[in-house]
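Values quoted throughout were computed directly from the atomic coordinates according to the rules given, and no laboratory measurement underlies them. No experiment lies behind these values; they were computed from the predicted model shown. Reconstructed Cβ throughout: ideal geometry from the backbone, glycine too, with neighbour counts over all protein chains shown.
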Amino acid sequence: MTKKRFLGCAGIASICVATLASASTAGELNILTWEGYADPSVIEPFEAATGCKVSATYVGSNDDFAPKLAAGGGVFDIVTPSIDTTFSLIEAGFVQEIDISRISAWGDLYKQFTTADGIQKDGKIYGVPYAWGAIPFMYRKDKFDTPPTSIAALWDPALKGRVSLWDDKSALYVAARLNGDMNIYSLSDEQIAAAQVKLIEQRPNIRKYWSTAGELVDLFKSDEVWISNTWGGYQSALLADEGVEVVEFIPEEGAEGWMDSNMIVTGTPNEECAYQFLNMAVSAEGQGGVFRVNGYSSTNPVAAKEFMTPEEFSALHQDDPDYLNSLLLWENLADRLPVYTNAWNSVKSQ
Amino acid sequence: MSAPLSVRLKRAAVLSPPLLWTFVFMFIPYAILFVYSFWVQKYPTFQPAFQFGNYLQIATDPQYLRVLLRTLKIALFVSLGSALIAYPYAYFLVFKVRRPGFRLALYMAVVAPLWVSYLLRAYTWKIILGTTGILNSFLMSIGVLSEPSSVFLYNQTAMIITLIYVFIPFMVMPIYAVLEKIPKSLIEASSDLGVGRFRTFLMVTLPLSIPGIVAGFTMTFTLTFGDFIAPILVGGPDGLMIANVIASQFGAALNWPLGSALALVMLMIVLTIITISDRFERLGQGKFA
């Protein structure tokens with residue numbers, strides 16, 4: 001126990017007794033992750049095999065990780081942020097170095113991911129790639145005679161009040177690409193201002209900016225919205241279950257890509273269990289779980305062959321490195337993050 | 001002469017829990033916010049500092065004024081709307097309903113929804129106002145609309161309707177309380193003196209009930225002012241309110257210093273409103289009671 005923690009505990013004695021007691025229980029993992037990443041079909045066999053008990057807390061966006069870790073308290077052992085957020089967690093010291101010699105499947109993972117800038121610093125690795133996908137667009141098949149192929153469709157005056165966009169700084173990425181600015185993660189102030197103008201122009205078309213996966217599904221299902229960006233594979237599958245036919249497409253202007261990694265929170269008392277969890281996550285069991293539950297692509301193509309049919313393997317672009325390279329993989333915005341966030345807030349303040 | 005020790009101890013025992021509560025859960029957090037508001041954002045998080053940059057940013061970037069004015073406007077409409085609905089209802093309960101049991105039932109009908117989760121009540125309005133919602137189905141079945149309209153949901157009007165529905169108990173309760181306390185003899189006296197019903201209402205009942213209206217107005221206004229759920233659930237692309245901006249500074253932007261400064265600006269506005277309404281309430285009492 002560190003001195004700082006002890007002093008904090010002296011202040012609020014009763015709460016801390018509980019915290020210390022739970023921290024000392026070996027083999028309990030608290031993971032801060034996305035819905036669908038801690039499915040019972042994966043967690044229960046893991047708990048049975050290792051004796052490590054897993055409790056999951058869910059985030060609604062990547063912006064939830066840093067504030068929850070900054071609030072302190074040593075609550076979480078593992079976090080699963082996306083590649084735009086990983087590096088700032090490393091820089092803030094919230095996560096610790098990973099000994100890749102303890103990750104048996106490390107060599108099987110895509111090189112594009114294991115060597116990504118976002119998960120390393122000074123030659124040390126801080127994250128184990130877990131799942132990936134694109135941010136394509138999707139539309140209601142019954143509402144379009146000619147399938148849309150460009151982001152410009154979301155600005156089409158004929159779609160007044162029928163468009164949605166993710167309530168996120170990524171709206172700026174979309175508008176910037178429409179402007180022809182492909183450097184979406186390093187936009188200048190002028191480029192951001194131009195993207196803001198485009199988004200304000202788009203306003204009459206916007207029915208609602210969606211903030212959760214479920215909300216977008218509801219918007220499509222209740223006939224409010226016909227076209228939007230989406231978390232590739234996830235919401236379209238939920239809509240298919242509801243009998244709503246939607247089509248995903250990568251526009252001419254390209255699509256963002258994302259990749260989520262498991263990271264170990266600095267100073268976790270449950271390191272042994274954490275490594276067991278990280279290994280399970282990139283094994284065929286863990287990767288098969290995220291594929292079945294979320295429909296996301298696998299970071300481990302070797303394991304993916306075990307649970308995907310050849311058709312699924314190619315449908316999820318597991319055999320197509322060009323596809324992966326064509327995606328604009330999310331990048332950390334570093335000190336430009338507040339500029340993007342305020343620009344997006346400013347659009348919504350109009 | 002001071003009270004005996006045992007009495008003083010008892011007094012301390014009674015008073016100290018609420019005082020301690022206020023100190024630990026109100027004063028200290030606000031003090032922390034105050035300190036944070038002078039800090040500075042520095043990637044990847046934020047650092048201690050003493051500077052006024054956050055307040056300067058709020059004053060110079062027009063987005064904050066726009067959102068503050070929008071929030072004030074919506075809070076004003078919600079309070080006005082609640083008062084216009086709640087006053088006749090409370091008046092009806094107190095002066096027109098004769099059977100106490102029936103009156104209680106009608107009163108509880110307004111208060112009981114408070115026991116249901118706010119989220120659930122706000123969510124209900126999505127189902128009512130949506131394109132395939134109950135209102136559209138109804139209007140189409142009686143022939144007013146030929147195809148579903150999208151004007152009911154995802155705009156500021158939907159937010160105002162939802163917030164009125166959610167917060168109206170806070171308007172009904174204080175108005176009901178003051179109306180109930182008005183002695184019936186005053187109204188009888190007015191009518192004995194030959195004053196008509198409407199003038200009696202304007203000259204006697206309404207002035208005496210002003211403290212209740214002010215109390216209700218203050219509560220609905222401040223509750224709306226701090227709301228950030230309605231914009232997410234039923235607001236459209238122009239629904240952003242000040243509490244959403246603060247939430248995004250603490251979350252998405254990881255700019256707790258700016259978020260703290262915004263929170264304090266908001267607190268100042270709310271305190272100003274409470275002070276003004278307090279004056280109004282006292283004015284009402286001094287003049288009419």
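Going from the residue with the fewest nearby Cβ atoms within 10 Å to the one with the most, A:TRP344, B:TRP21 rank B:TRP21, A:TRP344.
Using a cut-off of under 14 Å, list every residue of the range A:191-233 whose amide N is near the label point 7 Å from the Cα of B:LEU119 along the Cα-to-beta-carbon line. Backbone N within reach: A:212-215.
Over the C-alpha atoms of chain B, the Rg to Rh ratio, Rh being the Kirkwood estimate, stands at 1.06.
Label-to-label distance, A:LYS221 versus B:THR132, with points set 7 angstrom from Cα along the beta-carbon direction: 0.9 nm.
Partner aspartates and glutamates whose Cα lies under 17 Å from the Cα of A:LYS68, excluding those fewer than 8 positions away in the same chain, are identified as A:GLU35, A:ASP77, A:ASP84, A:GLU91.
For A:LYS221, the aspartates and glutamates whose Cα falls under 20 Å of its own Cα, not counting residues fewer than eight places away in the same chain, are A:ASP142, A:ASP145, A:ASP167, A:ASP241, A:GLU242, A:GLU245, A:GLU248, B:GLU147. Extension gain, B:PHE95-B:VAL7: 0.36 nm per intervening residue step, less the Cα-Cα distance, totals 27.2 nm.
For chain B, relative contact order (Cα pairs under 8 Å, six or more residues apart, normalised by length) works out to 26 percent. Remark: the B:LEU106-B:PHE50 segment gains 14.7 nm on full extension, using 0.36 nm per residue and subtracting the alpha carbon distance. Orientation-averaged projection of the protein assembly as shown equals 38.5 nm² [convex hull of Cα atoms, one quarter of hull surface area].
Look at the alpha carbon pairs under 8 Å that are at least 6 residues apart: their mean separation over the length of chain A gives a relative contact order of 26 percent. Can you return the lysines within cross-link range of A:LYS198? Criterion is Cα-Cα under 18 Å, with same-chain partners fewer than 8 residues away left out. The qualifying lysines are A:LYS160, A:LYS169, A:LYS208, A:LYS348. Across the range A:24-66, the residues whose backbone nitrogen lies under 17 Å from the label position 7 Å along the beta-carbon direction of A:GLU248 are A:35-37.
Of interest is the spacing of the C-alpha centroids, which for the range B:253-282 and the range B:6-47 amounts to 17 Å.
Of the residues B:ILE213, B:ILE32, B:ILE232, the one with the fewest other Cβ atoms within 10 Å heads the list, and the complete ranking is B:ILE32, B:ILE232, B:ILE213.
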